[in-house]
Amino acid sequence: MKWQDIVKTVAPSIASALGGPLAGNAVKAVANLFLGTNSASEEELNEAIQKATPEQLIKLKELDYQFEQLQVEQFKDEYLDRDSARKIALT
């Protein structure tokens, strides 16, 4: 099983970020959590996540919640930007 598959199961918000513009931030956050560094190879991440402790998986879930909040804030900012543009267009 690849590390991404484990992340999909435990942290779906981070997993969705892996396929988008926040992918670099997501990988850095996961690497920092499991390896204590912002950079890691696929093999290093895979090995570290395969050997994750329950405490690390709980921290991954907490990190997932933070990513979810970032996505909500990003959506909110985009909505407010479009809304203000609509208001300007109507005046």
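Odds and ends about this structure:
- Nitroxide proxy distance, nm - points 7 Å out along Cα→Cβ at residue 32 and residue 18: 1.9 nm
- Cα-based Rg of region 26-65 normalised by 2.2 N^0.38 Å, two decimals: 1.04
- As a fraction of the 1.4 Å probe accessible area of the chain, surface on carbon and sulfur atoms comes out at 56 percent.
- Region 34-87: C-alpha gyration tensor shape, a/c 1.5 cut-off, then a/b vs b/c: prolate
- Take region 30-75 with all the other protein chains still there, run a 1.4 Å probe, and you get 69 Å² of accessible area per residue.
- With Cα atoms, 0 to 90° folded angle of helix 54-90 axis to the chain main axis: 10 degrees
- All distinct Cα pairs of region 1-42 go into the 1/r average, and the inverse of that average, the Kirkwood radius, is 10.2 Å.
- Overall dimensions of the chain as given by Cα atoms, namely Rg and Dmax in Å: 16.5, 59
- FRET efficiency, 1/(1 + (r/R0)^6) with R0 22 Å, evaluated for residue 25 and residue 76 via beta carbons: 0.75
The values are calculated or read from the model by the stated rules, or taken from the named source; none is laboratory data. Remember, predicted model here, so these are calculated numbers, not experimental data. Positions of Cβ are backbone-derived with ideal geometry, glycine not excepted, and every protein chain shown enters the neighbour counts. Note: areas computed on protein heavy atoms with side chains; ligands, DNA, RNA excluded. Shrake-Rupley method; radii C 1.70, N 1.55, O 1.52, S 1.80 Å.
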